[in-house]
Structures are given as C-alpha cells and as structure tokens.
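Chemist: Sending over a structure as structure tokens; questions will come in a sec.
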Amino acid sequence: MAIHSITAYQRYISPVKGFACPHRQLHGGESCSTYIKRMLSEQSLMEVVKSSQKRFQDCALASRTLTKTSSGCIVIPCCLPF
C-alpha cells in the first residue's frame, strides 16, 4: 500500500507541485520518493520509516544549500525566462 501511495504521489501530485526534489537536484540520482519506494521493496515498512529520516534530513540540507548558492529560487517554473 505504501508503494502504491508513493506511485500515486509521483504520478498526480509531484508533476503539478512546481518544484523538484532538492536532494536529486544537488546530488543527482533518485528523488526522495523514488528512493523511499525502492527501499520499501527491499526492507520492511518499519525499517524504511526509521532509515528515511536521514534521507529527509539530507534533502533539507540540500534545499538550504541550493537556496544559498542560487538566486534563492529552487522552484523551477519561477526560474524560467518569460
């Protein structure tokens, strides 16, 4: 059920929210949702909940890093020229 919920988020919510995963933007690789979805296929839900805290902390740090090193905008649509 957790994997289906993440898939629904990725399909219906993520494309319209207006920004991308800061961890993926800064480091490349998987977004947090893809990472957590993969981990759910390899570990129990309780293990993933515990281990996901580090990933989300790293994502928050990536967001702060991107904000400091850019024009302050990590929301992709606002950064496009009109």
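Chemist: Considering only segment 29-82, give the helices (runs of 4 or more DSSP H) lying wholly within it that have at least 2 residues that are at pLDDT 85 or above.
Modeler: 32-42, 45-69
Chemist: Inside segment 34-58, can you point out the residues that are within 27 Å of residue 69 (Cα to Cα) and among the acidic types (Asp, Glu)?
Modeler: Correct list: 58 only.
Chemist: Pairs needed: first member in segment 14-33, more than 21 Å from residue 69 (Cβ to Cβ); second member anywhere, among the aliphatic types (A, V, I, L, M) and crowded, with 16+ Cβ neighbours inside 10 Å; C-beta distance under 7 Å; at least 6 residues apart or different chains.
Modeler: Hits for this filter: 33/6.
Chemist: Which ones in segment 1-19 are assigned to a loop (DSSP other than H, G, I, E, B) and surrounded by 14 or more Cβ atoms within 10 Å (Cβ to Cβ)?
Modeler: 19, the sole residue that qualifies.
Chemist: Can you name every residue in segment 21-57 that is over 22 Å from residue 4 (Cβ atoms) and open to solvent by less than 50 Å² (accessible area, probe 1.4 Å)?
Modeler: Within segment 21-57, 22, 23, 28 qualify.
The values are calculated or read from the model by the stated rules, or taken from the named source; none is laboratory data. Note that the structure is predicted; figures quoted are calculated from it, not measured. Backbone-built Cβ (ideal geometry, glycine too); neighbour counts: all protein chains shown. Side chains are part of the model used for accessible areas, which takes the heavy atoms of the whole protein and leaves out ligands, DNA and RNA. Shrake-Rupley method; radii C 1.70, N 1.55, O 1.52, S 1.80 Å.
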